[in-house]
Every structure is written in structure tokens, then in C-alpha cells.
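Just below is one structure, and these are the notes that go with it.
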Amino acid sequence: MTAPTPGPGPERPAGRALTVLVADDQEIVRTGLSMILAVQDGIEVIGEAADGAAAVELARQLRPDVCLFDIRMPVLDGIEATRMLAGPGVADPLAVVVITTFDLDEYVYAALRAGARGFLLKDAGPALLAQAVRAAAVGDALIAPSVTTRLLRAFADAGLAAPPAQPLDPLTAREEEVLRAVARGRTNTEIAHELFVTLSTVKSHVANVMTKVGARNRVEVALWAYDTGRVRTGRP
């Protein structure tokens with residue numbers, strides 16, 4: 001069971017650094033990720049773990065704003081670690097961002113299904129890494145733009161999941177547009193520019209979509225869009 005301490009989110013006190021736990025079995029990678037994040041303004045690395053089991057234990061103890069997990073770790077892999085901290089049935093889930101060397105990997109898809117809020121490649125660079133961590137901390141999600149459609153299309157088109165039920169309250173035409181944009185990895189700001197609406201309007205649409213389709217975050221919204229055929233291989 002997770003501790004009852006409030007999870008990460010926009011209620012973090014103003015002025016307090018965003019806290020991160022880094023887990024990777026390779027010391028040089030773990031140290032590098034920690035160093036990159038430590039020099040970012042407003043981000044503090046409060047713990048490191050070399051395997052998934054230690055990561056889960058430390059995460060439950062420290063309650064970081066964001067967990068940054070490698071997928072392939074000993075004892076307990078990043079997928080199971082993510083599921084234990086953010087999966088279905090977790091009362092007070094933590095934000096998890098998955099980072100991996102492979103850009104088209106069934107383990108990545110499984111991690112997203114397990115509740116991860118983001119997915120990055122290890123060569124993403126400091127700016128994108130910090131952006132993904134900050135997005136996850138406020139309930140948003142970021143999937144590496146270079147692999148968003150490749151990753152989701154590959155598994156949705158392969159038929160690895162049964163099509164989910166349609167929402168009882170149908171999406172509006174505008175919500176369908178926002179849904180497809182989210183599935184393609186667009187940020188709220190990019191969606192606002194594309195649809196010529198305000199940022200607050202986009203946020204409202206995204207929240208409505210999440211409620212209607214039963215998604216907990218933007219990653220699940222994207223998965224739902226592919227699973228229901230809203231976005232298919234070959235669409236622009």
C-alpha cells in the first residue's frame with residue numbers, strides 16, 4: 001500500500017523545488033541523468049535506485065513529485081515498478097516518466113499501460129528531459145515526439161488490445177479534434193495554436209475528454225484514441 005501523503009501535482013507549494021527519484025541499473029546513466037536534472041532550475045534529485053524494487057521502496061518512502069525509471073532493471077523491471085506506483089487500483093499514484101534506449105519496444109507500451117505519464121529516449125537531451133519531468137509533475141504527459149505515432153500506431157494496428165467501449169457521453173466535434181491532437185503528441189500550447197483557441201479552452205477540452213473516456217492522464221487519452229481507431233497509420 002502507498003502512504004497517504006498527497007501525491008505530486010499543481011498543489012506543490014510555490015517556491016519549493018520539484019523533487020525527482022531516478023532509477024537505472026547502470027551507474028553511469030543514473031549519475032548522468034541525476035546531474036542533468038540537478039542543474040535545472042527548480043528541480044531537485046532526492047534519491048537514486050539501481051533496481052526496480054529499491055525504486056518502489058524509495059518512492060513510497062520519499063514521495064517524489066516525479067519518478068524517472070529505466071524500463072530494463074534487475075529484481076523488478078520498470079514496468080512492474082510503474083504499475084505498483086501508478087497503475088490501476090493505486091489510491092494515490094505517483095507520476096512516473098519512463099526512459100529507455102529503444103524507440104519502438106513492447107516494454108514501453110506496457111509501461112504506458114501500467115500508468116506511466118511519459119516516455120523518453122535516453123538521447124532526448126537535457127531540455128526535453130526537464131520538460132517531461134515538469135509536465136508529469138503537474139498531471140500532464142510528454143511522449144518523445146519522434147516516436148509518439150510510431151509507438152502507439154504499431155501496437156494499436158497490431159490489435160494487441162481489444163477496442164474499448166465508446167463513452168456514454170459522446171465527444172463533441174471539438175473534443176474529437178483535441179483528442180487526435182493529443183494522440184499525436186501535441187502539447188496544449190501547440191493545440192491552442194492549431195485550433196485558434198485559448199490555452200485555457202484547450203485545458204478544458206482535455207479535461208472533458210479525460211472524464212468521458214475514463215482516462216487518468218494524457219497518455220491514456222492517446223492510447224484510447226489509437227485503440228478506438230481515431231488515429232490510424234497513414235493519417236496525417
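The values are calculated or read from the model by the stated rules, or taken from the named source; none is laboratory data. Note that the structure is a prediction, hence the values are computed from the model and not measured. Every residue, glycine among them, receives a Cβ derived from its backbone with ideal geometry; neighbour counts consider all protein chains shown. Heads up: the accessible areas ignore ligands, DNA and RNA and are worked out on the full protein's heavy atoms, side chains in. Shrake-Rupley method; radii C 1.70, N 1.55, O 1.52, S 1.80 Å.
Are any residues in the stretch 204-236 aliphatic (A, V, I, L, M), assigned to a loop (DSSP other than H, G, I, E, B) and either modelled with pLDDT of 80 or more or under 16 Å from the mean Cα position of the chain (by Cα) (or both), and if so, which ones? Give the steps one after another, and end with the answer.
Residues of the stretch 204-236 that are aliphatic (A, V, I, L, M), as a first pass: 206-207, 209-210, 213, 215, 219, 221-223, 225, 231.
Among the residues that remain, those that are also assigned to a loop (DSSP other than H, G, I, E, B) are: 215, 231.
Hit for the stretch 204-236 is Ala215, nothing else.
Scan the stretch 178-203 for residues that are part of a helix (DSSP H, G or I), open to solvent by 60 Å² or more (accessible area, probe 1.4 Å) and farther than 17 Å from Ala136 by Cα and jot them down. Walk me through how you get there before you give the answer.
Just the residues of the stretch 178-203 that are part of a helix (DSSP H, G or I), to begin with: 178-183, 188-195, 199-203.
From what is left, the residues that are open to solvent by 60 Å² or more (accessible area, probe 1.4 Å) are 180, 189-190, 193-194, 199-200, 203.
Those that are part of a helix (DSSP H, G or I), open to solvent by 60 Å² or more (accessible area, probe 1.4 Å) and farther than 17 Å from Ala136 by Cα: Arg180, Glu190, His193, Glu194, Leu199, Ser200.
Among the candidates Ala53, Ala14, single out the residue that is farther than 21 Å from Leu128 by Cα, surrounded by fewer than 23 Cβ atoms within 10 Å (Cβ to Cβ) and modelled with pLDDT of 95 or more. So that I can check it myself, show each step before the final result.
Values: Ala14 fails: modelled with pLDDT of 95 or more.
Going through Ala53, Ala14 in turn, just one is farther than 21 Å from Leu128 by Cα, surrounded by fewer than 23 Cβ atoms within 10 Å (Cβ to Cβ) and modelled with pLDDT of 95 or more: Ala53.
When you scan the stretch 80-103, how many residues do you find that are open to solvent by 10 Å² or more (accessible area, probe 1.4 Å) and free of Cβ contacts under 8 Å to residues at least 40 places away in the same chain? Walk me through it before giving the result.
Within the stretch 80-103, the first condition is being open to solvent by 10 Å² or more (accessible area, probe 1.4 Å), and the residues that meet it are 80, 83-84, 88-93, 101-103.
Filter again for free of Cβ contacts under 8 Å to residues at least 40 places away in the same chain, leaving 80, 83-84, 88-89, 101-102.
Residues meeting the conditions: 7.
Can you pull out the residues in the stretch 30-45 that are more than 20 Å from the chain's Cα centre (by Cα) and of a type in the set (A, V, I, L, M, F, W, C)?
If the condition is that a residue be more than 20 Å from the chain's Cα centre (by Cα) and of a type in the set (A, V, I, L, M, F, W, C), then Met35, Ala38, Val39 are the ones that fit.
Specify which of the listed residues (Asp92, Asp65) is over 18 Å from Val133 (Cα atoms) and either over 14 Å from the mean Cα position of the chain (by Cα) or not aromatic (Phe, Trp, Tyr) (or both). Quick ask: steps written out before the conclusion?
Values: Asp65 fails: over 18 Å from Val133 (Cα atoms).
None of the other options fit; the residue is Asp92.
For the stretch 14-112, which helices (runs of 4 or more DSSP H) that fit wholly inside it have 3 or more residues that are hydrophobic (A, V, I, L, M, F, W, C) and within 20 Å of Gly125 (Cβ to Cβ)? Working first, answer last.
On the way: elements: 27-38, 52-62, 78-86.
Filter on the stretch 14-112 gives 27-38.
Hey, any hits in the stretch 122-143 for a residue that's open to solvent by less than 30 Å² (accessible area, probe 1.4 Å), over 12 Å from the mean Cα position of the chain (by Cα) and modelled with pLDDT under 75?
no
Just the residues that are open to solvent by 10 Å² or more (accessible area, probe 1.4 Å) and either in contact with a Phe, Trp or Tyr (Cβ under 6 Å, 6 or more places away or on another chain) or at pLDDT 85 or above (or both), please, taken from the stretch 104-116.
Filtering the stretch 104-116 down to residues open to solvent by 10 Å² or more (accessible area, probe 1.4 Å) leaves 104, 106-107, 109-110, 113.
Of everything in the stretch 104-116, just one residue is open to solvent by 10 Å² or more (accessible area, probe 1.4 Å) and either in contact with a Phe, Trp or Tyr (Cβ under 6 Å, 6 or more places away or on another chain) or at pLDDT 85 or above (or both), namely Tyr109.
Tell me, yes or no, whether the stretch 57-72 has at least one residue that is crowded, with 19+ Cβ neighbours inside 10 Å, at pLDDT 95 or above and among the polar types (S, T, N, Q).
Scanning the stretch 57-72 turns up no residue that is crowded, with 19+ Cβ neighbours inside 10 Å, at pLDDT 95 or above and among the polar types (S, T, N, Q).
Kindly indicate which of Ala222, Ala192, Ala215 is among the hydrophobic types (A, V, I, L, M, F, W, C), in contact (Cβ under 8 Å) with a residue 40 or more places away in the chain and in contact with a helix residue (DSSP H, G or I) (Cβ under 9 Å, 6 or more places away or on another chain).
Working: Ala192 fails: in contact (Cβ under 8 Å) with a residue 40 or more places away in the chain; Ala215 fails: in contact (Cβ under 8 Å) with a residue 40 or more places away in the chain.
The conditions single out Ala222.
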